[in-house]
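> Got a structure for you, questions after.
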Amino acid sequence: MSDLHTLARRLMALDDRLAACMRCGLCQGVCPMFGATMKEADVARGKLALVSNLAHELICDPQAVAGKLDRCLLCGSCEAACPSGVKITEIFFEAREVVNAYLGLHPLKKMIFRFLLPRPELFNMSVRVGAPLQRLVLRRNHDAQETACAPMLSFMLGKRHVRPLALRPLSALVGPLDEPRPEGGLKVAFYLGCMGDKLYVDMARACLAVLRHHKVAVFLPEGLACCGMPALASGDAEGMLRQIAVNLPKLRGDFDYLITPCPTCTKTIASLWPRYAQRLGSLERDAAARLAEKTRDITAFLVDVLKVEALPDGEGTLAVTYHDSCHLSKGLGIRSQPRTLIKASGPCRLVEMNEADRCCGCGGSFNLTHYDLSRRIGQRKRDNIVESGAAVVAAACPACMMQLEDMLSQNHDAVTVRHPVQLYAQHLGLGDGPTA
């Protein structure tokens, strides 16, 4: 059990941060959890009330406190709508860390966050072993989303329709890269993220193809670890710090920007690494701050830096709707750039869906621990996609892509899911990269 004096200091600091909350309830209207359950305890106002009494609640029923705090997607919808500017997601991160310190980290999470993910070579080896074996348990659904289900693993995966692991991750296909900077041109570090490397290899290859088309040199170092968000979302800041410590030395070099196709990674590197790296030391803090200044989402990089422009409005033949990923739109304020990229993609005709910026229900590990709720929230998103009449739904987030594929496949819909960069790559004649 953690030192009680340390816990007391952290609880007092949380109380100070809660003072700005007016309990106005505006978070109710935007919270996907409240929309699914209609329970006050599931909305930000209810959780903040819990946090304000955290010391007493921890003593009375710590497991119940952990369970209530865990019923949150960390989508940031409440924070974006808060008139008082309360940093709600930061408070929830801190509260989960306090609860985790009080209860102790589950052994399985400790193994994953502190042993497996900070060791990319071990993580990659696990995937290389597991990818061929998945053929024994996965059954292809032969649907538009190219998903599979696993009846033999229903006790663990439920009835999910999942994308199979790539037989070879992108890091193994292309190896480490350190391309020479073109004269007068740009060079970027490409941070794949776990899902871009091991699930959405076709999307990641499309990103590399587009960067090379625009004569941008790529630096892809060997042995990058997870960004640390899964650990932090579970209250394990120690696991995140270990992953930051692995990544920072590998991301030194002469490059202009750090580009990611995953807004969760972008938001984590740009906003959270500098704050949490302070716990590692001043050198790590300064390195993280420098890196944060260079970090960009790939759609923003293509539109804002490379000046990719929408094509003139015409009679596009392919109807595409767009889902605003929470970490991209609410966390980073990036909304127009992915749409511009879609409009720059040849025959694509952008058709807006209802509630385009409402959470799809994935929430990272939330999907693993609360799948019934995740699916209920995701069904609402699926209905809006289908009602738009689009043949393709674009999402600039691999986690959202995974959730949308599951929901569309469960409903036997013919709508395909693509990253905006994949659509742009196809327009340029680059393909979106074969699935490995």
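The values are calculated or read from the model by the stated rules, or taken from the named source; none is laboratory data. Keep in mind the model is a prediction, meaning the values are calculated, not measured. Neighbour counts are summed over all protein chains in view; Cβ atoms, including those assigned to glycine, are modelled from backbone coordinates with ideal geometry.
> Is there any pair with a first residue in the range 96-108 that is in a helix (DSSP H, G or I) and a second that is among the polar types (S, T, N, Q) whose Cβ atoms are under 6 Å apart and which are 6 or more apart or on different chains, and what are they?
101/2
> Okay, next question. Go through the range 305-332 and count every residue that is more than 17 Å from residue 358 (Cβ to Cβ) and assigned to a loop (DSSP other than H, G, I, E, B).
12
> For the range 303-315, indicate whether the set of residues that are in contact with a strand residue (DSSP E or B) (Cβ under 7 Å, 6 or more places away or on another chain), buried (at least 22 other Cβ atoms within 10 Å of the Cβ), at pLDDT 95 or above and over 26 Å from residue 108 (Cα atoms) is non-empty.
No, the range 303-315 contains no residue that is in contact with a strand residue (DSSP E or B) (Cβ under 7 Å, 6 or more places away or on another chain), buried (at least 22 other Cβ atoms within 10 Å of the Cβ), at pLDDT 95 or above and over 26 Å from residue 108 (Cα atoms).
> Can we say residue 207 is buried (at least 21 other Cβ atoms within 10 Å of the Cβ) and closer than 24 Å to residue 76 by Cα? Step through it out loud before you land on a result.
Numbers: buried (at least 21 other Cβ atoms within 10 Å of the Cβ): yes; closer than 24 Å to residue 76 by Cα: no.
No.
> On the basis of being farther than 16 Å from residue 227 by Cα, aliphatic (A, V, I, L, M) and under 18 Å from the mean Cα position of the chain (by Cα), does residue 80 make the cut?
In short, yes.
> Name the single residue, out of those in the range 389-436 being acidic (Asp, Glu) and either in a loop (DSSP other than H, G, I, E, B) or surrounded by fewer than 20 Cβ atoms within 10 Å (Cβ to Cβ) (or both), that is modelled with the highest pLDDT. Break it down stepwise before answering.
First pass over the range 389-436, keeping only residues acidic (Asp, Glu): 405-406, 413, 432.
Among the residues that remain, those that are also either in a loop (DSSP other than H, G, I, E, B) or surrounded by fewer than 20 Cβ atoms within 10 Å (Cβ to Cβ) (or both) are: 413, 432.
Details: 413: 97, 432: 54.
Selected residue: 413.
> Ok, one more. Is it true that residue 36 is closer than 23 Å to residue 271 by Cβ, in contact (Cβ under 8 Å) with a residue 40 or more places away in the chain and part of a helix (DSSP H, G or I)? Give the derivation first.
Values: closer than 23 Å to residue 271 by Cβ: no; in contact (Cβ under 8 Å) with a residue 40 or more places away in the chain: yes; part of a helix (DSSP H, G or I): yes.
Taking the combined requirement at face value, the residue does not satisfy it.
> Polar (S, T, N, Q), part of a strand (DSSP E or B) and either under 20 Å from residue 200 (Cβ atoms) or outside the structural domain of residue 204 (by TED's automatic domain parsing) (or both) - does that describe any residue in the range 359-378? So that I can check it myself, show each step before the final result.
Narrowing the range 359-378 to residues polar (S, T, N, Q): 365, 367, 369, 374.
Of the ones still in play, those that are also part of a strand (DSSP E or B) are none.
Looking for residues that are polar (S, T, N, Q), part of a strand (DSSP E or B) and either under 20 Å from residue 200 (Cβ atoms) or outside the structural domain of residue 204 (by TED's automatic domain parsing) (or both), one finds none in the range 359-378, hence no.
> Could I ask something else about it? Quick check on the range 134-146. Is at least one of its residues within 21 Å of the chain's Cα centre (by Cα) and on the phi < 0 side of the Ramachandran plot?
yes
> In addition: Identify, please: which residue in the range 1-53 is at pLDDT 85 or above and loosely packed, with under 13 Cβ neighbours inside 10 Å and is, among those, farthest from residue 361 (Cα to Cα)?
Only one residue tops the list, namely 24.
> Residue 333: surrounded by fewer than 18 Cβ atoms within 10 Å (Cβ to Cβ), without any contact (Cβ under 8 Å) to a residue 24 or more places away in the chain and not assigned by TED's automatic domain parsing to the domain that holds residue 85, yes or no?
Details: surrounded by fewer than 18 Cβ atoms within 10 Å (Cβ to Cβ): yes; without any contact (Cβ under 8 Å) to a residue 24 or more places away in the chain: yes; not assigned by TED's automatic domain parsing to the domain that holds residue 85: yes.
It is true that residue 333 is surrounded by fewer than 18 Cβ atoms within 10 Å (Cβ to Cβ), without any contact (Cβ under 8 Å) to a residue 24 or more places away in the chain and not assigned by TED's automatic domain parsing to the domain that holds residue 85.
> Related question: Can you tell me which residues in the range 191-232 are charged (D, E, K, R) and part of a loop (DSSP other than H, G, I, E, B)? Give the steps one after another, and end with the answer.
Quick first cut of the range 191-232, residues charged (D, E, K, R) only: 197-198, 202, 205, 212, 215, 222.
Correct list: 215, 222.
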